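One structure is given here, and the rest of the page talks about it.
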Amino acid sequence: MTYLLRVKLPDVPGSLGRVATAIGEAGGDIGAIEIVEHRDDGCAVDDVLLDLLPGAMPDSIVSACSGLDGVDVVWISRYAAGGNLFLDLEAVEQLTAEPAVALDGLVDLAPLVFRADWAMRLRHTEAGVEHVHATSAAPEPADGAPDAWFPLARPARLAVPEGWERWTSTVVAGAPLSGPNDIVLFGRRGGPDVLDSELARLGHLAALAHSIAARG
């Protein structure tokens with residue numbers, strides 16, 4: 001079973017090696033590591049994709065990492081995508097390969113890039129909020145979408161509306177696509193919280209998708 005671990009650790013040489021050793025000793029087999037954020041407080045946040053060896057448990061991984069000085073486990077969960085971490089550059093390459101559908105293509109790629117459960121594209125018109133495109137696990141149009149999300153001028157964390165009873169534990173972030181009334185957003189059930197660096201990346205990818213689509 002593949003898991004995704006998000007861990008905060010001191011941003012100094014050797015820290016990641018200590019974490020990797022602890023994971024290995026606890027029965028985790030690391031497949032990939034990505035630095036998600038460097039912070040001003042001297043810490044970094046990394047995502048670690050790992051498989052558990054027979055008999056190993058996620059709690060053992062958490063305990064092993066948390067026992068290291070300065071290391072905090074932010075989140076751990078099963079990773080349905082499996083395989084490997086999907087990087088921003090890979091997303092741009094795929095969008096460039098099919099420029100005519102780059103805007104909706106970003107929606108399809110967002111769950112992989114941001115390790116989220118779903119993504120969707122919404123457009124606000126005089127008739128209301130239109131669900132333009134969505135991944136299979138996204139909220140249905142019947143769940144509604146809040147007018148308060150529009151216009152969206154910059155990447156932001158979005159408050160889950162009261163009508164989304166099934167999504168109350170979901171963390172949502174969005175960014176403008178072709179304009180402030182055309183947005184892409186992704187959701188994570190149960191977390192982790194969206195980091196400032198992830199908001200910046202989402203905004204950057206949305207702007208690139210818009211540019212690619214305009215050229216296509």
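The values are calculated or read from the model by the stated rules, or taken from the named source; none is laboratory data. Since we're looking at a predicted model, the values are computed, not measured. Methodologically, a virtual Cβ is constructed for each residue, glycine included, from the backbone with ideal geometry; neighbour enumeration extends over all protein chains shown.
State whether one or more residues within the stretch 18-32 are within 17 Å of the chain's Cα centre (by Cα) and under 19 Å from Arg115 (Cβ atoms). Yes; the residues of the stretch 18-32 include at least one that is within 17 Å of the chain's Cα centre (by Cα) and under 19 Å from Arg115 (Cβ atoms). Close Cβ contacts (under 8 Å, 6 or more residues apart or on different chains) running from residues in the stretch 57-77 that are outside the structural domain of Val171 (by TED's automatic domain parsing) to residues that are of a type in the set (Lys, Arg) and surrounded by fewer than 19 Cβ atoms within 10 Å (Cβ to Cβ) comprise Leu68/Arg18; Val71/Arg18. Filtering Ala44, Ala116 for residues that are part of a loop (DSSP other than H, G, I, E, B), small (Gly, Ala, Ser) and closer than 25 Å to Ala175 by Cα leaves a single hit, Ala116. Candidates are the residues of the stretch 189-204 that are in contact with a strand residue (DSSP E or B) (Cβ under 8 Å, 6 or more places away or on another chain) and in a helix (DSSP H, G or I); the one that is nearest to Arg157 (Cα to Cα) is Leu199.
Evaluating Leu89 against the criteria (1) assigned to a helix (DSSP H, G or I); (2) in contact with a Leu (Cβ under 9 Å, 6 or more places away or on another chain); (3) loosely packed, with under 13 Cβ neighbours inside 10 Å leaves one unmet condition, (2).
The residue list Val113, Val48 contains one member that is β-branched (Val, Ile, Thr) and closer than 20 Å to Val184 by Cβ, which is Val113. Checking the stretch 76-99 against the condition returns a match, with at least one residue being modelled with pLDDT under 95 and in contact with a Pro (Cβ under 6 Å, 6 or more places away or on another chain).
Reported count of residues in the stretch 17-52, each being at pLDDT below 90 and surrounded by fewer than 13 Cβ atoms within 10 Å (Cβ to Cβ), is 2.
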